[in-house]
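First up is the structure itself, then whatever we jot down about it.
The values are calculated or read from the model by the stated rules, or taken from the named source; none is laboratory data. Just so it is clear, the structure is predicted and the values come from calculations on it, not from any experiment. Note that we place each Cβ from the backbone using ideal geometry, even for glycine, and neighbour counts take in every protein chain shown. Keep in mind that these areas ignore ligands, DNA and RNA; they rest on the heavy atoms of the full protein, side chains included. Shrake-Rupley method; radii C 1.70, N 1.55, O 1.52, S 1.80 Å.
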Amino acid sequence: PSPSLTRQIKYSADLSPEAKRILGERIAKLRETISKDANDFSGWMNLAIQYKTAGDYEAARETWEYMSAKNPGEGISLHNLGDLYHHYLKDLAKAEQYYLRSVDADKTVGINYLALYELYRYSYKQGTTAAADILKKGVANVIGNQTIDLYSALGSYYQEKGDTANAIIYITKARDGAEKAGNTALVAQFNEQLSALKK
């Protein structure tokens with residue numbers, strides 16, 4: 001069954017009356033649009049985002065889970081659920097589950113690997129190689145300029161670990177990717193990082 005479009009919104013206590021009013025208007029407008037077309041994918045997705053912004057995590061979760069069940073193989077709602085469980089509901093095992101499902105839904109999307117990397121690096125399964133492993137898996141699967149961010153994250157990971165040799169390898173790969181993409185500002189940034197590493 002689709003989530004209720006008449007449920008009471010639970011606002012965060014720290015929201016100003018003005019913020020609540022604006023969010024309430026946006027939610028009402030989206031609910032009206034969806035009531036006319038229950039298959040409005042972006043309408044449902046935006047509604048969940050507004051719920052999350054309002055602090056109604058339960059409504060956001062229910063909406064994204066509904067979208068995920070209704071659109072098997074679609075990874076955006078799975079990624080959003082991972083983010084919700086990681087940063088807001090603080091259930092790290094569930095966050096990992098949803099992020100992994102988002103990777104399975106489309107192996108070519110870089111942000112899903114980066115989200116898992118952040119989960120492993122700073123919150124969950126620390127002291128394991130999970131953070132580096134997921135980035136390496138990502139590098140093998142993503143397409144185009146997305147590899148730049150993955151290589152950069154790998155370089156920074158090894159730099160933080162004090163593994164200068166591997167840090168240089170991956171920052172160089174990130175720099176080469178930025179060069180290929182014609183992003184001179186990024187090239188300069190990576191070159192600066194490499195100079196510091198080689199001192």
For Lys125, are the conditions met, namely being outside any helix (DSSP H, G or I) and either open to solvent by 70 Å² or more (accessible area, probe 1.4 Å) or over 24 Å from Leu5 (Cβ atoms) (or both)? yes
List the residue pairs whose Cβ atoms are under 6 Å apart, where the first residue sits in segment 100-128 and is within 21 Å of Gly144 (Cα to Cα), the second is open to solvent by 30 Å² or more (accessible area, probe 1.4 Å) and part of a loop (DSSP other than H, G, I, E, B), and the two are 6 or more positions apart or on different chains. Ala105/Gly73; Thr108/Ile143
Kindly indicate whether Thr172 is of a type outside the set (Lys, Arg) and in contact with a Lys or Arg (Cβ under 9 Å, 6 or more places away or on another chain). no
If you scan segment 20-29, which residues turn out to be open to solvent by 30 Å² or more (accessible area, probe 1.4 Å) and of a type outside the set (Lys, Arg)? Ile22, Glu25, Ala28
Taking Ile111 and the conditions (1) more than 30 Å from Glu62 (Cβ to Cβ); (2) part of a helix (DSSP H, G or I); (3) open to solvent by 80 Å² or more (accessible area, probe 1.4 Å), which numbered condition does it fall short on, given that it satisfies the others? (1)
Output the qualifying pairs, or none if there are none: Cβ atoms under 7 angstrom, residues six or more apart or on different chains, first residue in segment 170-199 and without any contact (Cβ under 8 Å) to a residue 40 or more places away in the chain and farther than 14 Å from Ala153 by Cα, second residue of a type outside the set (Ser, Thr, Tyr) and not in a helix (DSSP H, G or I). Ala181/Asn145
Give the residues of segment 122-176 that are touching a helix residue (DSSP H, G or I) at 6+ places or on another chain (Cβ under 7 Å) and of a type in the set (Gly, Ala, Ser), sorted by residue number. Ser123, Ala130, Ala131, Ala132, Gly138, Ser152, Ala153, Gly155, Ala167, Ala174
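Condition check ((1) open to solvent by 10 Å² or more (accessible area, probe 1.4 Å); (2) within 15 Å of the chain's Cα centre (by Cα)) across all residues:
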residue: Gly43; (1), (2): no, no
residue: Tyr51; (1), (2): no, no
residue: Asp56; (1), (2): no, no
residue: Ala59; (1), (2): no, no
residue: Glu65; (1), (2): yes, no
residue: Asn71; (1), (2): yes, no
residue: His79; (1), (2): yes, yes
residue: His86; (1), (2): yes, yes
Looking at (1) surrounded by fewer than 19 Cβ atoms within 10 Å (Cβ to Cβ); (2) among the small types (Gly, Ala, Ser); (3) over 20 Å from Leu100 (Cα atoms), can you tell me which one Ala130 breaks? (3)
Subset of segment 152-180, residues farther than 28 Å from Gly127 by Cα and loosely packed, with under 14 Cβ neighbours inside 10 Å, comes to Lys180
Restricted to segment 9-46 and to residues being in contact with a Gly (Cβ under 9 Å, 6 or more places away or on another chain) and among the hydroxyl-bearing types (Ser, Thr, Tyr), the residue farthest from Tyr57 (Cα to Cα) is Thr33
If I filter segment 34-41 for residues that are surrounded by 14 or more Cβ atoms within 10 Å (Cβ to Cβ) and among the aliphatic types (A, V, I, L, M), do I get at least one hit? yes
Among the residues that make up segment 143-160, is at least one of them more than 25 Å from the chain's Cα centre (by Cα), in a helix (DSSP H, G or I) and either under 17 Å from Tyr113 (Cα atoms) or not basic (Lys, Arg) (or both)? no
Criterion first (touching a residue at least 12 places away in the same chain (Cβ under 8 Å) and open to solvent by 60 Å² or more (accessible area, probe 1.4 Å)) does Asp149 satisfy it? yes
